[in-house]
1. Can you tell me which of (1) buried (at least 20 other Cβ atoms within 10 Å of the Cβ); (2) under 24 Å from the mean Cα position of the chain (by Cα); (3) not aliphatic (A, V, I, L, M) is the one Gln67 doesn't meet?
2. When you scan region 346-365, do you find a residue that is of a type outside the set (A, V, I, L, M), farther than 21 Å from Thr21 by Cβ and part of a strand (DSSP E or B), even just one?
3. For Leu289, work out the one condition from (1) outside any helix (DSSP H, G or I); (2) in contact with a strand residue (DSSP E or B) (Cβ under 6 Å, 6 or more places away or on another chain); (3) touching a residue at least 40 places away in the same chain (Cβ under 8 Å) it doesn't fulfil.
4. Looking at Phe180, Phe218, Phe160 in this structure, which one is under 21 Å from the mean Cα position of the chain (by Cα) and assigned by TED's automatic domain parsing to the domain that holds Phe364?
5. Residue check: is Asp213 under 23 Å from the mean Cα position of the chain (by Cα), among the charged types (D, E, K, R) and over 24 Å from Arg333 (Cα atoms)?
6. Identify, please: which residue in region 95-124 is among the β-branched types (Val, Ile, Thr) and modelled with pLDDT of 95 or more and is, among those, nearest to Glu275 (Cα to Cα)?
7. Can Lys227 be described as surrounded by fewer than 21 Cβ atoms within 10 Å (Cβ to Cβ) and touching a Leu at 6+ places or on another chain (Cβ under 7 Å)?
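The values are calculated or read from the model by the stated rules, or taken from the named source; none is laboratory data. Note that the coordinates shown come from a computational prediction; the quantities given were computed from them, not determined experimentally. Here the Cβ is made from the backbone with ideal geometry for all residues, glycine too, and neighbour counts use every protein chain on show.
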Amino acid sequence: MKQFKQPIQKATEDLGFKQLTDIQKRVIPLALRHHSIIATSATGTGKSHAFLIPIFEMIDVELKHVQAVILSPTRELAKQIHDMAVHMASFFDTPINIQRYTGGQDRPKELEKLSKQQPHIIIGTPGKIHDLVVHNHSLKIYHAPLLVIDEADMALEIGFLDDIHRITSAMNPKTQIMVFSATIPQKLQPFLKQFLSQPKMVDLSQTSAQSLDIEHRFIRVNTEQDKRDKLLAIVDAISPYMAMIFINKKEDIDDVVKVLYQKGIKVTPLHGGLEARKRKQVLREVMQLSYQYIVASDIAARGLDIEGVSHIINYDIPHDLEFYTHRIGRTGRMGHSGVAITLYKDRDLDAIETLKHTGFKIVFKDIRNGQWIDKDPDKRKKRINTQIETTKHPIKKPKQIKPNYKKKLKSQQKKRNY
């Protein structure tokens, strides 16, 4: 870290950084040479500091205009980045004006401040910044030399691409643009081609996910009740520092929270159905380690930097397998090991094979009396195939022809079809 300004070195040392992560090693030198960048990397690999370090390295506090615009798809992510930026700025002798713009804030106060002074760094959601830049013309970003679009694929999912397009159009065509994303969806390509001139590509989307120190345990279940029972068995068998349970359906989230709460477990839901104020309260309590279990949806928890997650439990395999990487990336971070436990049904075997081919080392387990037991899913496959072979012709023609045998044979076949 000695190659950076002294305040940046002090800030990173205060955070306990001993060396740069892979994404930081690849991105920071390119950013300091003013290249536009498209970087893909899994959650928990240090993406935020990959763009914050270059911003603070290049900032000129003597200039009184906006020098960096950071777009984040949610209020919670914007707050996390803002907190990181404020921490880094605290080690500089000269004050750096950093402002966060998201929904739910005091609008008249914001406009009054902007009329008097423009911040050095602005961090916010695309909708809010678009409002201040395009509608109110109160936020002046044309001369900002750097634009960062964080979690770009998530911004696309939420529907912020039009706002991002208009914000980028309001900036100087020579603006350096850095796009960070877990994946680069096809729908994002036209935007990238229009606004990024000869960008440098940094693709760590696969290697970063597989390099995390995580054990991937898969447990087979038969029915929904069996799934619920296995979850409770897992909860009894592990002792997490903090665990996140990912569930596909909101109604299942509420049901699981209720069951765990009744067992006396410190648990909270985190999904899109929560009001903004409640979400803010939940996240504050999560950071204060008030809960041992967080039961979450993919979108609600996407990108959130929650420290201390030792276990991930996939109550469902995600419909989009990309989200498996997002989920498990919340544990095994910054040199720590983690455990990812996934409940699956036979219908999920093809998805599991896909995850194996992607590079995840999966082990199959079961829990009995609080003990983890190794399982061989191939044995079950062979047993199922054998059953299929032996039941191809289950109705045998009688050796001796009896009265009404055709009628009885048809009756048997009819029952089998039902």
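1. Evaluating Gln67 over (1) buried (at least 20 other Cβ atoms within 10 Å of the Cβ); (2) under 24 Å from the mean Cα position of the chain (by Cα); (3) not aliphatic (A, V, I, L, M) leaves (2) as the failure.
2. yes
3. Leu289 satisfies all of (1) outside any helix (DSSP H, G or I); (2) in contact with a strand residue (DSSP E or B) (Cβ under 6 Å, 6 or more places away or on another chain); (3) touching a residue at least 40 places away in the same chain (Cβ under 8 Å) except (2).
4. Phe218
5. No.
6. To start, the set of residues in region 95-124 that are among the β-branched types (Val, Ile, Thr) comprises 96, 98, 102, 121-123.
Filter again for modelled with pLDDT of 95 or more, leaving 96, 98, 121-123.
Values: Ile96: 32, Ile98: 27, Ile121: 28, Ile122: 25, Ile123: 22 Å.
Checking each candidate, the answer is Ile123.
7. Criteria met by Lys227.
For every residue, the table says whether it meets (1) surrounded by 20 or more Cβ atoms within 10 Å (Cβ to Cβ); (2) under 26 Å from Pro119 (Cβ atoms); (3) in contact with a helix residue (DSSP H, G or I) (Cβ under 9 Å, 6 or more places away or on another chain).
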position: Gln6; (1), (2), (3): no, yes, no
position: Gly16; (1), (2), (3): no, no, no
position: Asp22; (1), (2), (3): no, no, yes
position: His34; (1), (2), (3): no, yes, yes
position: Ser41; (1), (2), (3): yes, no, yes
position: Asp60; (1), (2), (3): no, yes, no
